[in-house]
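The values are calculated or read from the model by the stated rules, or taken from the named source; none is laboratory data. Remember, it's a predicted structure, so these values are computed and weren't measured experimentally. Methodologically, a virtual Cβ is constructed for each residue, glycine included, from the backbone with ideal geometry; neighbour enumeration extends over all protein chains shown.
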Ligand code: SF4
């Protein structure tokens, strides 16, 4: 593929050009690249062009890892816009691509993989059997030479009765570009199987992590696990039903000993404590043998249930995997072993948790790839991301210039307010609420208000926020189902045409991390406080571990940075297109310190201080919204990228 020929839009923006150059050089040299560039600047298309136009493009393949289905599909849609006839596909998880009714009842990817293998081996999956015919070969041939969306595979397979997952897996081996979830590459229990499907070693791949600010957290979560007292109890019952009295008795005895330990630690109340891994296993006879036996009996449970057409689930199987991981990590510094007790009397639930502290446990695979490219709108400071995922010191770090004209971004920090623990009292919430009223009054349409926690959210509601603001207030709650939340967001967005509304949620929540609110859907976004974690034993242990690993930066990496990232994610909800003009208001004076400000994306760093004086915030916002928005595309050709909703679309 020749250089410069793939870009499908009339004009390459300066930031895109810089990005493409850096990518070409990185891929050519087999290095690693970390990029911060705001959403809406057209990162996906620039990234694809950069890699596919590199001099080594012919010999390499691309594994593009994202978090959401929408992001994965965007990769394929951009390839279609580029009009390149190369084999590419977006993947979904096994459970999402499976047509077999039984798979709906599996509770984890590892269980689903096992159930699927049994169904295939026993000839009990018609969708797999149907793949033997000529029709399936025809479909594969049709899909193997062009970019294909997961939904196209799903719908063609549904129509023909073929297994969509197996079809996608067949296509993997010849695909030049694969867009898949992070877990395919970060979860060690899935990675090997996935790589076998790709028919190539990681050294043949350019690995891309989109929205890479999520990678450290997802990587640690994938190496962690949890086992509750209810699950141990059900595993014991399962063993009994299978005639395994000894195993059942051993598990019941273990549960008694855990309850005894919980009484010692929490005196019958609630709490969470770090425990010694070996201490917890004391009440279990022969833990290694028990794990092995539980695994074998768990497999038999699944086989039996498949034969009977029942939900193929096994608590013993999960317990077996958990015990193995718990034993393997005893004494390791990079894991925490925790015991918690929640609820009272009959409703009491104990939980054992294995918590991985270090993302490098799973991100080490990045070093095995030919090159890796990580990009996000919120990665500052870039060295921190490089260190946390274990990339080498010579990794190239690139902060792209802002695509937003300075006149379209207003970043304010108000003095006189904070959500620092000792200031969380009614007078502070009243003052914060007064400032929120000024913001909502001065904003032409919609406002997003994201608080540091649900405690702070309750604080502003109790201070009368809902009554004092003239616009309707939509409140996100942790109990809401996805459908309820979707309905809330739809109503909030549609209010933009009727004078505006307020969305009240928390930083780190589903709307502050994953919501797109371009144009009038959010003219102002207010951040109430900084979401620092409560100072508990778990946080303290993480700080100590990180301090040992990254001398002098431990507390920043383990404690401050995750909170700053959540705040920046929320702050970026209103600037989704290069044409967006919006105000970002930080309601916490601590944001003015250099320490916090250096974690802000470069386009948010022009902070303006607003004195703690009634009416000042309102006045400054009214001035800003009175001015005509600046055109980010002074040339005639440029707007087409935005209009196409591709490079200029939200989250691109
Ligand atoms: S072969 Fe396909 S359809 Fe059958 S169980 Fe496995 S994933 Fe599901």
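Restricting to region 516-526, and then to whatever is within 13 Å of residue 569 (Cα to Cα) and surrounded by 24 or more Cβ atoms within 10 Å (Cβ to Cβ), can you tell me which residue is modelled with the lowest pLDDT?
517
Which of the residues that make up region 263-277 are part of a helix (DSSP H, G or I) and touching a helix residue (DSSP H, G or I) at 6+ places or on another chain (Cβ under 9 Å)?
277
Looking at region 403-419, is at least one residue surrounded by fewer than 21 Cβ atoms within 10 Å (Cβ to Cβ), at positive phi and assigned by TED's automatic domain parsing to the domain that holds residue 551?
yes
Filter region 82-97 for residues that are assigned to a loop (DSSP other than H, G, I, E, B) and within 23 Å of the chain's Cα centre (by Cα); which is farthest from the ligand (Cβ to nearest atom)?
Once the filter is applied, the top-ranked residue is 91.
Can you report the number of residues in region 110-125 which are more than 19 Å from residue 315 (Cα to Cα) and either in contact (Cβ under 8 Å) with a residue 40 or more places away in the chain or more than 8 Å from the ligand (Cβ to nearest atom) (or both)?
Looking only at that region, the number is 5.
Collect the residues in region 319-345 that are surrounded by fewer than 19 Cβ atoms within 10 Å (Cβ to Cβ), in a helix (DSSP H, G or I) and in contact (Cβ under 8 Å) with a residue 60 or more places away in the chain, keeping them in residue-number order.
325
For region 182-198, indicate whether the set of residues that are within 16 Å of the ligand (Cβ to nearest atom), within 13 Å of residue 63 (Cα to Cα) and not in a helix (DSSP H, G or I) is non-empty.
Within region 182-198 (the criterion being within 16 Å of the ligand (Cβ to nearest atom), within 13 Å of residue 63 (Cα to Cα) and not in a helix (DSSP H, G or I)), the answer is no, since none of the residues qualifies.
Restricting to region 98-109, give me the number of residues that are assigned to a loop (DSSP other than H, G, I, E, B) and near the ligand (Cβ under 10 Å from one of its atoms).
Residues that pass the stated criteria total 4.
Which residue is farthest from the ligand (Cβ to nearest atom), if the candidates are limited to region 139-157 and must be more than 29 Å from the chain's Cα centre (by Cα) and part of a loop (DSSP other than H, G, I, E, B)?
145
Counting only residues that are outside any strand (DSSP E or B) and modelled with pLDDT of 95 or more, which one in region 497-511 is nearest to residue 360 (Cα to Cα)?
Kept after step one, since they are outside any strand (DSSP E or B), are these residues of region 497-511: 497-501, 507-511.
Add one more test, that the residue is modelled with pLDDT of 95 or more, and what stays is 500-501, 507.
Details: 500: 45, 501: 43, 507: 25 Å.
That would be 507.
Check 475, 449, 437 and return the single one that is at pLDDT 95 or above and crowded, with 21+ Cβ neighbours inside 10 Å.
Just a single option satisfies the conditions, and that option is 449.
For region 91-112, what are the residues that are modelled with pLDDT of 85 or more, within 18 Å of residue 169 (Cα to Cα) and either outside the structural domain of residue 160 (by TED's automatic domain parsing) or out of contact with any strand residue (DSSP E or B) (no Cβ under 7 Å at 6 or more places or on another chain) (or both)?
92, 94, 95, 96, 97, 98, 99, 100, 103, 112
If a residue has to be modelled with pLDDT of 95 or more and either assigned to a helix (DSSP H, G or I) or surrounded by fewer than 22 Cβ atoms within 10 Å (Cβ to Cβ) (or both) to count, how many in region 569-587 make the cut?
The total comes to 2.
Please state which of the following conditions residue 390 fails to meet, knowing it meets all the rest: (1) in the same structural domain as residue 515 (by TED's automatic domain parsing); (2) modelled with pLDDT of 95 or more.
Residue 390 satisfies all of (1) in the same structural domain as residue 515 (by TED's automatic domain parsing); (2) modelled with pLDDT of 95 or more except (1).
Mind listing just one residue for me: the one in region 129-138 that is touching a residue at least 12 places away in the same chain (Cβ under 8 Å) and surrounded by fewer than 19 Cβ atoms within 10 Å (Cβ to Cβ) and, of those, nearest to the ligand (Cβ to nearest atom)?
Step one: filter region 129-138 for residues touching a residue at least 12 places away in the same chain (Cβ under 8 Å), giving 130-131, 135-136.
With surrounded by fewer than 19 Cβ atoms within 10 Å (Cβ to Cβ) added as a condition, the list becomes 130, 135.
Details: 130: 9, 135: 16 Å.
Within region 129-138, the match that is nearest to the ligand (Cβ to nearest atom) is 130.
Working carefully through the options 402, 355, 372, 376, find the one that is modelled with pLDDT of 95 or more and in contact with a helix residue (DSSP H, G or I) (Cβ under 6 Å, 6 or more places away or on another chain).
The conditions single out 372.
All but one of (1) farther than 29 Å from residue 215 by Cβ; (2) at pLDDT 90 or above hold for residue 49; state the number of the condition that does not hold.
The single condition residue 49 does not satisfy is (1).
So, residue 486, is that one under 26 Å from residue 340 (Cα atoms), surrounded by fewer than 24 Cβ atoms within 10 Å (Cβ to Cβ) and modelled with pLDDT under 95 or not? Spell out the reasoning first.
Working: under 26 Å from residue 340 (Cα atoms): no; surrounded by fewer than 24 Cβ atoms within 10 Å (Cβ to Cβ): yes; modelled with pLDDT under 95: yes.
Criteria not met by residue 486.
Of the residues that make up region 432-452, is at least one part of a helix (DSSP H, G or I) and within 28 Å of residue 214 (Cα to Cα)?
There is no residue in region 432-452 that is part of a helix (DSSP H, G or I) and within 28 Å of residue 214 (Cα to Cα).
Please count how many residues of region 219-235 are under 27 Å from the mean Cα position of the chain (by Cα), more than 17 Å from residue 373 (Cα to Cα) and in a helix (DSSP H, G or I).
Number satisfying all stated conditions: 4.
I'm checking my understanding of the structure. Among residues of region 158-168 that are more than 24 Å from the chain's Cα centre (by Cα) and in contact (Cβ under 8 Å) with a residue 24 or more places away in the chain, which one is farthest from the ligand (Cβ to nearest atom)?
Checked region 158-168; the qualifying residue farthest from the ligand (Cβ to nearest atom) is 160.
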